[in-house]
Amino acid sequence: MKKYDAIVIGTGSAMIIVQGLLSMNPDSRIAVIDKYRPRGICLTRGCIPSKMVISVAEIIADIEKTRELGVDAEIKSVDFGRIMKRMS
Ligand SMILES: Cc1cc2nc3c(=O)[nH]c(=O)nc-3n(C[C@H](O)[C@H](O)[C@H](O)COP(=O)(O)OP(=O)(O)OC[C@H]3O[C@@H](n4cnc5c(N)ncnc54)[C@H](O)[C@@H]3O)c2cc1C
């Protein structure tokens, strides 16, 4: 049977613990298990992907407000498929 110094389930913020253990002992044997894509929800389908969509919405809202500032800008189209592809 394989032996480990630590077994970590989940690769979100738990990786901070892994990093700490490895910085204390680079020879540590650590098993990391994740049932989904590694790196945790924040990076894979939470904070970062959602901001990639929200930031586009903010840019659109800013452009729509430019007329108040004396700038005549126009949004010709929004390629939502491309926005979602960039996010995934
Ligand atoms: C759409 C969205 C937007 C968000 N935006 C923000 C934001 O702007 N700011 C913010 O602070 N927070 C935000 N969050 C919350 C943030 O993503 C979470 O608070 C954060 O990811 C929690 O980190 P964690 O390491 O505790 O858990 P997670 O990131 O959920 O990591 C847990 C990991 O464990 C794995 N796992 C779970 N159960 C098992 C199992 N039984 N076996 C093996 N692996 C398992 C999962 O696959 C996952 O990779 C957002 C969340 C979502 C969904």
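Miscellaneous remarks
- Of the residues making up segment 64-88, just one is touching a Pro at 6+ places or on another chain (Cβ under 9 Å) and part of a loop (DSSP other than H, G, I, E, B), namely Ser88.
- Within segment 4-60, the set of residues being part of a loop (DSSP other than H, G, I, E, B) and either within 30 Å of Ile83 (Cβ to Cβ) or within 7 Å of the ligand (Cβ to nearest atom) (or both) comprises Gly10, Thr11, Gly12, Ser13, Asp34, Lys35, Tyr36, Arg37, Pro38, Arg39, Arg45, Gly46.
- Scope segment 32-58; condition surrounded by 13 or more Cβ atoms within 10 Å (Cβ to Cβ) and under 20 Å from Lys2 (Cβ atoms); matching residues: Val32, Asp34, Pro38
- Qualifying residue in segment 5-26 (condition: free of Cβ contacts under 8 Å to residues at least 60 places away in the same chain, surrounded by fewer than 11 Cβ atoms within 10 Å (Cβ to Cβ) and of a type in the set (D, E, K, R)): no
- Ala61 meets each of the listed conditions (1) free of Cβ contacts under 8 Å to residues at least 12 places away in the same chain; (2) hydrophobic (A, V, I, L, M, F, W, C); (3) touching a helix residue (DSSP H, G or I) at 6+ places or on another chain (Cβ under 9 Å); (4) open to solvent by less than 60 Å² (accessible area, probe 1.4 Å) apart from (3).
The values are calculated or read from the model by the stated rules, or taken from the named source; none is laboratory data. Keep in mind that what you see is a predicted model, and the values were worked out from it rather than measured. We place every Cβ from the backbone using ideal geometry, glycine too, and count neighbours over all the protein chains shown. The protein model used for the area step is the full one, side chains on, heavy atoms only, and it has no ligands, DNA or RNA in it. Shrake-Rupley method; radii C 1.70, N 1.55, O 1.52, S 1.80 Å.
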